[in-house]
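Here the structure is laid out as structure tokens; the discussion comes afterwards.
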Amino acid sequence: MPERFTQSARARKARPVASSAPDDILPSMNEKALLRAEVLARRDAIPLEERTRRSETICHALAQLVASSCVCDAYAADSGAPVIAVYAAMRSEVNVDPFVSAAYAQGWVVCFPCMVLDDGEQRACMEFYRVSPRRMAHAREAFLSHPLRRFSRDALESEGYEPVNPHDLDVVAVPLVAFDDAGGRLGYGGGNYDRLLPRLRPDALAVGVAFEEQRVEAVPRDPHDALLPRVVRG
Ligand SMILES: Nc1nc2c(c(=O)[nH]1)N(C=O)[C@@H](CNc1ccc(C(=O)N[C@@H](CCC(=O)O)C(=O)O)cc1)CN2
Ligand SMILES: Nc1ncnc2c1ncn2[C@@H]1O[C@H](COP(=O)(O)OP(=O)(O)OP(=O)(O)O)[C@@H](O)[C@H]1O
């Protein structure tokens, strides 16, 4: 698909930022860029077969965590289904496909992120779209295979995809570049999850997923950084 869907494509690599940034934020941005590059190299070095095997273990633990959380208890009482945000793995991220399969098998509602650009806006924002098992192949071609591309909200809507309000998310599996034992987290540098996490309901379960190689002593922390105390790692 779907060039008609796409407004622009940008593959991004971690790199030190340009020196035009204000002095007060430059040190942590450069520190983060260097840490990002170092941890991504460590994650990329895990052989694919091993990543697949360890991803399955992580997914199993994640499914158990969600099933035993009070989020699911609440739905069991009124026979509704929890709304779970996941992601389509890129590069060497933990592959959460086995968790997605388990979620569908439980009848949970599954949502994926997509970078959306509104008319006249410069900055894309991350929205979550519900994807039913029936629509999975369509969604994969439409937007899941291009996590960094920016899509037109109207084009997505005309294909039947409506964004989910973050307030309606019960569980969010957060992709990570790096994390520490104090809840510090680092992503690809878009600030997307930093913006999302404070918008979740207080009772929502946000949980990072990562390989042990992604744990670092301390992630540099800025005022905008949202903490993520829970990480399922393997
Ligand atoms: N698998 C997966 N999917 C994902 C994510 C992820 O981490 N993993 N994302 C996790 O975020 C989003 C895509 N990742 C992105 C990472 C960086 C930028 C980015 O740097 N964007 C702007 C900077 C922000 C701005 O415009 O001010 C840019 O391109 O300059 C965009 C998207 C949504 N889907
Ligand atoms: N809540 C926010 N409001 C405005 N800008 C923000 C917010 N959170 C992050 N940003 C901006 O996003 C940029 C990237 O931040 P940072 O390097 O911490 O991202 P990250 O944690 O790696 O990304 P992500 O949150 O997508 O995983 C920074 O320039 C920061 O100013």
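Loop-located GluC sites (Glu not before Pro) in the range 110-195 (DSSP state not H, G, I, E or B) with no more than 14 neighbouring Cβ atoms inside 10 Å: Glu121. Quick check: from the Cα gyration tensor, does the range 82-127 come out rounded (a/c under 1.5), prolate or oblate? Here the range 82-127 falls in the oblate category.
Here the range 174-226 is assigned +1 on the Cβ of each Lys and Arg and -1 on the Cβ of each Asp and Glu. Its dipole about the Cα centre then comes out at about 320 debye.
Charging the Cβ of each Asp and Glu at -1 and of each Lys and Arg at +1, and nothing else, the dipole of the chain about its Cα centre rounds to 520 debye. Taking the Cα centre of the chain as the origin and placing charges on Cβ (Lys, Arg +1; Asp, Glu -1), which of Phe99, Val164, Ser69 is farthest toward the positive end of the dipole? Final value for the positive-end residue is Phe99. Dividing the convex hull volume of the alpha-carbon atoms in the chain by its residue count gives 132 Å³ per residue. Only helices enter the 222 nm calculation for the chain: every DSSP H run of n ≥ 4 contributes -39,500 (n - 2.57), and dividing by all residues gives -9500 deg cm²/dmol, rounded to 500. Between the exposed loop cleavage positions of the chain, defined as trypsin sites (Lys or Arg not before Pro) in a non-H, G, I, E, B DSSP state with at most 10 neighbouring beta-carbon atoms within 10 angstrom, the longest gap is 124-234. Across the range 141-183, Cα-Cα pairs more than 13 Å apart make up 71 percent of the total.
Among Cys59, Cys111, a tally of other beta-carbon atoms within 10 Å of each Cβ gives an order, fewest to most, of Cys111, Cys59. Near Leu205, the amide H atoms lying under 5 Å from its own belong to Val171, Val172; only residues 5 or more places off or on other chains count, and H is placed 1.01 Å from N.
Placing +1 on the Cβ of every Lys and Arg and -1 on the Cβ of every Asp and Glu, with nothing else charged, gives the range 44-95 a dipole about its Cα centre of roughly 100 debye.
Take the Cα of Glu50, step 7 Å toward its Cβ, do the same at Glu121, and the gap between the two points is 4.0 nm. Pick out, in residue order, every one of the GluC sites (Glu not before Pro) in the range 188-234 that is DSSP loop and has at most 16 other C-beta atoms within 10 Å; say none if there are none. Counting only loop positions with at most 16 other Cβ atoms within 10 Å, the GluC sites (Glu not before Pro) in the range 188-234 are Glu217. Our note on the geometry: Cα centres of the range 168-216 and the range 104-149, 18 Å apart. Is the shape of the range 175-234 best called rounded, prolate or oblate, per the rule: a/c under 1.5 gives rounded, else a/b larger than b/c gives prolate, else oblate, with a ≥ b ≥ c the square roots of the Cα gyration tensor eigenvalues? Note, shape of the range 175-234 comes out oblate.
Within the range 22-233, DSSP assigns beta bridges of which about 35% are antiparallel (rounded to the nearest 5).
Any read-out appearing in this document is the output of simple, stated calculations on the displayed coordinates, not a laboratory observation. Quick caveat: nothing in here was measured; it's all calculated off a predicted structure. Cβ coordinates were reconstructed from backbone atoms using ideal geometry, including for glycine residues, and neighbour counts include every protein chain displayed.
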